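S.K.: This structure is in structure tokens; I'll ask about it shortly.
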Amino acid sequence: MLLNNRQFGLGALPVLGDFETRSISAENPDGSRAGGAKAIPDANNPASQLGKGWKVRPCITLDQGSTTTLADVSGQGLIQHIWITVHPNAYRDCVLRMYWDGEESPSVETPLGDFFANGHGLRYNVNSLAVAVNPSGGFNSYWPMPFYKSFRITIENQRHESIDGFFYQITYALGQLPPELGLFHAQWRMSMTTRQYPEHIILDGVKGNGQYVGTFIAWAQFSDGWWGEGEIKFYIDGDTDYPTICGTGTEDYFCGAWGFGDTFSGLYSGYPLWQREGERVPKHGLYRWHIMDPIRFRQDLKVTLQALGWWPGGKFQPLTDEITSVAYWYQHEPHAPFPLLPARNDRLPR
């Protein structure tokens, strides 16, 4: 039975099909049928008095400088849910990558925390449809991720030390898919805007047929006052100097208004982080999921965001701020090469 539109979301719950659910975790590293809870505890294990089958291997250690394969699955199907939790030390120091159908370059490449809308290496709650971060640091992704031949998910620890206590669960369904589905992509970018060029590039160089489905922004503000007057722009299918879609302000794009005035976290958009501690720079975290209103493109796509405040006297002030972003989209492969991910030290929060 082919996967069809009725088999996504709530409408899929009563629809039966020829699919098999699998789930990968430290207790079942390959997701095999009846493959969980087989680890045998040693004398130092908390389950040593209970024996096999009693929470013997719930997590793993990410060795210093290592790349760990979390999942390597052959077949056709759909990733439905990813859950991860780990100490915040891993949020910017570890890089999450996903590969579809044997490709050599990843379709997803982003620091771990930013993928789950937790920027600046900080832990805070997010209550949305596509991504949920629940107390205390339970990362959840509900983006549907189809694959036709295989998928592979890795985590690279670029920190100067090993990271203990990495917990994860990757749940997917194996079964036949229709041929037209786009594959999931996510890309992280970082820039320091200047008064001469107060613009952050969220995404560029995308070629092919697809649709843009989400934006996460982590914004470090280096000046006082209002920072979010800039517009987001979508250059679609050959646009050059002028975009087809032009927003009216940063808070407007993230579905707020008039400078926010408060934090919020909703199904499709949110401003869950506003932080200023002592002499540290103000930090902001924002997300916008285009679940009900995907931005569709047929040939190419570029997305930019301006950094503007106010001069005294009512004139726009270009800002020098640090902006990082994750762009989420679906497209047919192959995808264009991603820009080189900044080194670990360059990614560290201000």
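Read the figures in this text as sums done on the coordinates, not as results from a lab. All values reported here derive from a predicted model rather than from experimental measurement. Cβ: placed from backbone, ideal geometry, glycine included. Neighbour counts: every protein chain shown.
S.K.: Compute the distance from the alpha-carbon center of region 97-119 to that of region 212-286, in whole Å.
M.R.: Rounded to whole Å, the Cα centres lie 22 Å apart.
S.K.: Another question, if that's okay. What is the distance in Å between the Cα centroid of region 48-65 and that of region 68-94?
M.R.: 17 Å
S.K.: Beyond a 30 Å Cα-Cα separation, which of these cross-linked pairs lie in this structure: Lys233/Lys315; Lys38/Lys149; Lys52/Lys149; Lys283/Lys315?
M.R.: Pairs exceeding the cut-off: Lys52/Lys149.
S.K.: Which whole-Hz ³J(HN,Hα) couplings does region 101-110 yield from phi under the Karplus relation 6.51 cos²θ - 1.76 cosθ + 1.60, θ = phi - 60°, glycine and proline marked x?
M.R.: For region 101-110, the Karplus-derived couplings read 6, x, 5, 8, 9, x, 8, 10, 8, 7 Hz, x marking Gly and Pro.
S.K.: May I ask you to derive the FRET efficiency for Leu340 and Asn209 from their Cβ-Cβ distance with R0 = 25 Å, giving the value to the nearest 0.05?
M.R.: With R0 = 25 Å, the Cβ-Cβ based efficiency is 0.45.
S.K.: Using a 10 Å cut-off on Cβ atoms, rank the peptides 297-308, 164-175 from the highest mean neighbour count down.
M.R.: With the highest mean Cβ count within 10 Å placed first, the list reads 297-308, 164-175.
S.K.: Further, regarding this structure: Full extension from Phe167 to Ser32: what is 0.36 nm times the residue separation minus their Cα-Cα distance, to one decimal in nm?
M.R.: Fully extending the segment from Phe167 to Ser32 adds 46.8 nm.
S.K.: Calculate, for Glu104 and Asp237, the FRET efficiency according to 1/(1 + (r/R0)^6) with r their C-beta to C-beta distance and R0 25 Å; round to the nearest 0.05.
M.R.: 0.35
S.K.: Then there's this: Under 18 Å from a point 7 Å along the Cα-to-Cβ line of Leu129: which residues of region 282-300 have their amide N that close?
M.R.: In region 282-300, the label zone of Leu129 (backbone N under 18 Å from the point 7 Å along Cα→Cβ) covers 287-296.
S.K.: PRE reach from Thr320 (point 7 Å along Cα→Cβ): which of region 280-302 fall under 19 Å by backbone N?
M.R.: Backbone N within reach: 280-283.
S.K.: Which value at 222 nm does the chain reach when only helices count, each DSSP H run of 4 or more adding -39,500 (n - 2.57), with the total divided by all residues and rounded to the nearest 500 deg cm²/dmol?
M.R.: About -500 deg cm²/dmol.
S.K.: Separate question: If you place +1 on the Cβ of every Lys and Arg, -1 on the Cβ of every Asp and Glu, and leave all else neutral, what size is the dipole of the chain about its Cα centre, to the nearest 20 Debye?
M.R.: 620 debye
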